[in-house]
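Right, one structure below, let's go through it.
All of the numbers you see were taken from the coordinates with simple rules; none came from a lab. For clarity, every value in this text was computed on a predicted model and none was experimentally measured. So basically every Cβ, Gly included, is an ideal-geometry build from the backbone, and we count neighbours across all protein chains shown.
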Protein chains: 2
Amino acid sequence: MTERAPYRTIARVHTDFPSKFGVPRQSGLVPELLARVVFEPDFRSPDAVRGIEGFSHLWLVWEFDKSVSGRDWSPTVRPPRLGGHDRLGVFATRSPFRPNPIGLSSVRLVSVESAGEEAPVLVVGGADLVDGTPVLDIKPYIPYDVHPDATGGFIQTHPESWYRVSFPPELLGRVPEDRREALLGVLAHDPRPRFMDDSSRIFGLPFAGLDVRFTIDDTTVRVVDVAPLTPEPGAAWPGYR
Amino acid sequence: MTERAPYRTIARVHTDFPSKFGVPRQSGLVPELLARVVFEPDFRSPDAVRGIEGFSHLWLVWEFDKSVSGRDWSPTVRPPRLGGHDRLGVFATRSPFRPNPIGLSSVRLVSVESAGEEAPVLVVGGADLVDGTPVLDIKPYIPYDVHPDATGGFIQTHPESWYRVSFPPELLGRVPEDRREALLGVLAHDPRPRFMDDSSRIFGLPFAGLDVRFTIDDTTVRVVDVAPLTPEPGAAWPGYR
């Protein structure tokens, strides 16, 4: 075995997702989702990001700390995109349940906040991350990372579903204006944690301090209520009811 | 601080580079370079790679264990591509000297060896890795990773140099036939560790058990000798003389 020291958290990502429920399955699916990458005090230096604005995209290397407990992994997993029926090798998927809980996301660099106590803060688009996720590394996305001819296995043959979203205007009005596009994008991608055929069930998506309640059938996500998110202390996040 | 356990080595990469000298600066630069990803016994299972052949490219998440000692990092580094003169923030580069010594390479999946004691072994093309590099994770490269419009900062404005390679046939004959294209590719990219203006100097590139000696001027790499690689026990690899 290799002896290595534990890796350090260099930053944390701040997003509108207090829990895994509703987080897009891959980075880039909902480009309107913005996130702030806030460096930990030991790594908070304008020098360390000098020149980063020259890159349009970044890689975030992060840790699955919310969805994985301890060292759970299995050689095979059931990707949600395959309906949860078929097993694939863990290294043929991006499942969180891996030997090392390392996540990888490509995000668009929107801006670098250079003022304020937390500066420099990286504002990024398309992040598929739970609020507070620890970041292990940030690297520029470079032209050698582009493989336009890449074939995507089960991901190419089972394209992400898009649902119609029915969101009554009076409910949409309860969502902060600058979060509406992102929320519509999240809903259109079917935010349920796992495929379930029950159109009468009401799901609750915690997002930006709100509990967004919806039903879903074969074609349409229907929002039925938007309420402030008030989890009981110590309770699990709403998820589905 | 986050408490986390040290990550485990799941596999090791085997390549023709016994040392960092000559390793391409990025994955994919020399597609002919083949590498074998050999799983450690605890992770050696055909199940764990089931379905991986459906993907043309993979991500290797690995550790800079050869070029970095301990926890050396600096907020700024001097990318070799900028001639070693200009400083950039470490997170705007892929420098090995980072807070967490995590490397990221996209490689082409050439084949999966399913027979033999070490099976399953992944054979990949374009790897920019030293022989024996520990791998922390393997993930499929998926269509969401493709950002054809990505702008590449200093990497786009300072394209990789290509040199003419003069390789006398009698010397090329000493290189195993299946390694010749890869070696020519490595030489064409200027394998010197750092820009040095000395056309009389003879460099020694350790590659595939050989010591490939060459000079280099503004336009041309000239191979002057190819000899078996026989480092003295305990000695550093040849590098340059």
Check your understanding: So, in Å, what gap is there between the alpha-carbon centers of the stretch A:112-126 and the stretch B:82-96?
Key -> 20
Practice item. Take every residue in peptide B:105-111, count the Cβ atoms of other chains within 10 Å of its Cβ, and give the average of those counts. Key: 2
**Study point:** Sorted largest first, extent of the protein assembly as shown alpha carbons per principal axis (Å)
**Key:** 79, 54, 37
Point to revise | Percentage relative contact order, chain B, counting C-alpha pairs under 8 Å, at least six apart | key: 26
Practice item. Please sort by residue number the GluC sites (Glu not before Pro) in the stretch B:69-176 whose DSSP state is loop and whose Cβ has at most 15 other Cβ atoms within 10 Å. Key: B:Glu117, B:Glu118, B:Glu160
Point to revise | Across the identical copies, how the A:Pro168 labels are spaced - nm, sorted shortest first, 7 Å along Cα→Cβ | key: 8.7
Revision key, fill the gap. At q = 0.09, 0.10, 0.13 Å⁻¹, the log10 of I(q)/I(0) for chain B from a Debye sum over equal Cα scatterers comes to -0.42, -0.52, -0.90
Exercise for review: Give the nm distances, rounded to one decimal, from B:Asp225 to the matching residue in every other copy, measuring between label points 7 Å along Cα toward the beta carbon; shortest first.
Suggested key: 8.3
Revision key, fill the gap. HN-Hα couplings for the stretch A:118-133 via Karplus (6.51, -1.76, 1.60; θ = phi - 60°), in whole Hz with x for Gly/Pro, come out as 8, 4, x, 10, 9, 9, 10, x, x, 6, 10, 10, 6, 3, x, 4
Revision key, fill the gap. Sorting from shortest, the nanometre distances separating the label point of B:Pro46 (7 Å past Cα along the line to Cβ) from those of the same residue in the other copies are 5.9
Exercise for review: Considering only A:Pro143, A:Pro228, A:Pro18, give the residue with the highest GNM mean-square fluctuation for chain A, with springs between Cα atoms whenever their separation is below 10 Å.
Suggested key: A:Pro143
Check your understanding: What span do the alpha-carbon atoms of the stretch A:1-102 cover on each of the three principal axes, reported in whole Å from largest to smallest?
Key -> 47, 41, 26
Exercise for review: For the stretch B:88-103, just list the computed ³J(HN,Hα) in residue order, Karplus coefficients 6.51, -1.76 and 1.60, θ = phi - 60°, integers in Hz, with x standing in for Gly and Pro.
Suggested key: 10, x, 4, 7, 9, 9, 10, 3, x, 8, 10, x, 10, x, 9, x
Practice item. Work through the residues other than A:Leu88 whose Cβ is under 9 Å from its Cβ and net out their charges, Lys, Arg +1 and Asp, Glu -1. Key: +2
Revision key, fill the gap. Here the gain from full extension of B:His85 to B:Glu32, 0.36 nm per residue of separation minus their alpha-carbon distance, amounts to 16.0 nm
